[in-house]
Amino acid sequence: MIIMKKALPRRTFLRGMGASLALPLLDAMVPAATAEVKSAARPVRRLGFVFMPMGCDITRWTPAGEKLDQLTPILSSLEPVKENVSVITNLELQNAYPGTHATSNAAFLSAAKAKLTESSDYYLGTTVDQIAAKQIGQETQLPSLELAMDLLQTVGQCDNGYACVYQNNLSWSSPTTPLPDEAHQHIVFEMLFGEGGSMAERRAALRKKASLLDSFNDDIARLQRKLGPGDRAKVSHYLDTVREVERRIQKAETDTADNPLPDLDRPVGVPAAYADHARLMFDLQVLALQGDVTRVITFQLARETSGRTYPEIGVPDPHHPLTHHGNDPEKIAKMAKINQFHVSLFAEFVKKLKETPDGTGSLLDHSLFLYGSGMGNPNLHDHTNLPVIVAGGAAAGMKGGRHIKFAKATPLANLHLTLLDKVGVRLDSFADSKGKVDQLFEPLPV
């Protein structure tokens with residue numbers, strides 16, 4: 001028997017008019033009789049961060065024991081994926097003091113102390129996602145993807161003498177270079193699938209088609225004829241997902257055109273309901289990872305000091321004032337309901353990653369996501385006992401289903417350093433780290 005080792009390149013794209021479509025990992029991309037780990041289809045390490053603003057009610061967050069047998073109210077939605085996540089408590093961000101919303105946001109991924117300034121001479125530190133992007137993001141179309149839910153146009157001074165730039169941006173590619181987030185799902189869709197020309201030219205080309213996928217009909221048909229049954233099913237499912245996300249984006253824009261309501265916090269054309277918008281942004285992240293368009297993602301669920309209300313879950317009160325609850329039980333309960341809502345959307349995302357095949361495992365197996373906040377108790381504006389979840393990472397030896405409570409306050413930077421190590425980025429230290437937290441992981445068989 002002669003074994004042919006020809007295979008589709010992992011970086012295979014379909015190209016149409018003003019559009020480009022990356023393919024998910026297929027069996028046809030693995031050369032015959034070649035171990036996956038030695039091929040171009042070897043498990044890819046991916047790293048993501050989801051930021052929850054303004055801390056939480058830690059009493060409704062913290063699990064009682066060392067295992068996630070009984071989930072707390074805020075974490076209850078993690079039940080279907082609890083074996084794939086770990087809750088970590090007693091982490092701190094000392095460099096976020098003197099205790100502001102600006103420094104909470106700025107230190108979350110940098111673990112660095114923000115320069116006190118209201119002007120453009122701001123200074124922070126390179127964030128953990130960008131350190132990863134410089135090494136594991138260079139082989140992809142987008143080295144990293146920075147997303148948010150809010151339109152952040154405020155400039156000048158935002159919080160006790162700190163420039164708004166600290167509050168508006170999670171990612172910094174250098175101490176003086178913040179990276180803006182994108183909150184409009186259509187623009188993100190074009191970032192993932194658009195190609196060539198100006199933004200206006202790409203939009204015009206796409207508007208001529210009922211769907212972006214119309215640009216690829218002939219190429220898709222040719223590709224499917226070359227693939228085996230399993231790969232054909234994978235491609236069909238992936239294309240169905242792209243088409244469904246595109247349909248939801250188009251519907252949101254149509255609904256806005258039919259019933260325009262001004263909202264200073266949200267971009268024009270996003271879904272009216274927060275959950276619908278967030279689910280679209282999470283689904284775009286799944287597509288970006290599945291097509292290997294990027295391997296590094298940050299997502300800001302809401303900005304610090306957000307006055308957003310959540311009537312869809314029965315909380316018409318603005319979020320920020322609720323966090324200054326003064327130990328009022330009613331306000332704390334409403335704040336916790338928002339915390340629970342945010343976690344539930346992340347839980348849905350983790351479940352989708354778990355259900356999406358990727359080589360010999362799933363996207364969740366081959367990804368690490370940190371969910372958390374730069375603030376602990378928002379009523380005190382403290383940065384101790386931060387609420388943090390780590391999801392995924394089975395391919396890196398991640399052990400889930402656990403509550404890890406450190407005996408003493410431990411820098412969040414220690415966890416960042418560990419996550420970098422597990423995606424193949426070797427550093428001796430990061431910001432104020434004093435070591436790694438390797439008890440999160442178990443050694444993989446050699």
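Descriptive notes on the structure:
- Boolean, Leu47 is touching a Leu at 6+ places or on another chain (Cβ under 7 Å), closer than 27 Å to Asp365 by Cα and of a type in the set (A, V, I, L, M, F, W, C): yes
- Selection from the range 64-75 of residues that are of a type outside the set (Lys, Arg) and either exposed (fewer than 15 other Cβ atoms within 10 Å of the Cβ) or at pLDDT below 95 (or both): Ala64, Gly65, Glu66, Asp69, Gln70
- Search result, residues across the range 430-446 that are farther than 19 Å from Leu386 by Cα and exposed (fewer than 12 other Cβ atoms within 10 Å of the Cβ): Glu442, Pro443, Leu444, Pro445, Val446
- Across the range 46-63, the number of residues qualifying as in contact (Cβ under 8 Å) with a residue 40 or more places away in the chain and surrounded by fewer than 21 Cβ atoms within 10 Å (Cβ to Cβ) comes to 4.
- Members of the range 384-399 found to be open to solvent by 10 Å² or more (accessible area, probe 1.4 Å) and either modelled with pLDDT of 95 or more or closer than 21 Å to Ala107 by Cβ (or both), listed by number: Thr384, Asn385
- Only a single criterion out of (1) surrounded by fewer than 20 Cβ atoms within 10 Å (Cβ to Cβ); (2) in a helix (DSSP H, G or I) is not satisfied by His325, namely (2).
- Residue within the range 329-342 that is in a helix (DSSP H, G or I) and within 30 Å of Val425 (Cβ to Cβ) present: yes
- Residue count, the range 19-63 (criterion: part of a strand (DSSP E or B) and modelled with pLDDT of 95 or more): 6
- Among the residues of the range 410-425, just one is buried (at least 20 other Cβ atoms within 10 Å of the Cβ) and in a loop (DSSP other than H, G, I, E, B), namely Val423.
- Checklist (1) open to solvent by 10 Å² or more (accessible area, probe 1.4 Å); (2) at pLDDT 95 or above applied to Gln300, failing item: (1)
The values are calculated or read from the model by the stated rules, or taken from the named source; none is laboratory data. All values derive from a computational prediction rather than experimental measurement. Here Cβ is always computed from backbone atoms with ideal geometry, including for glycine, and neighbour counts include all displayed protein chains. The protein model used for the area step is the full one, side chains on, heavy atoms only, and it has no ligands, DNA or RNA in it. Shrake-Rupley method; radii C 1.70, N 1.55, O 1.52, S 1.80 Å.
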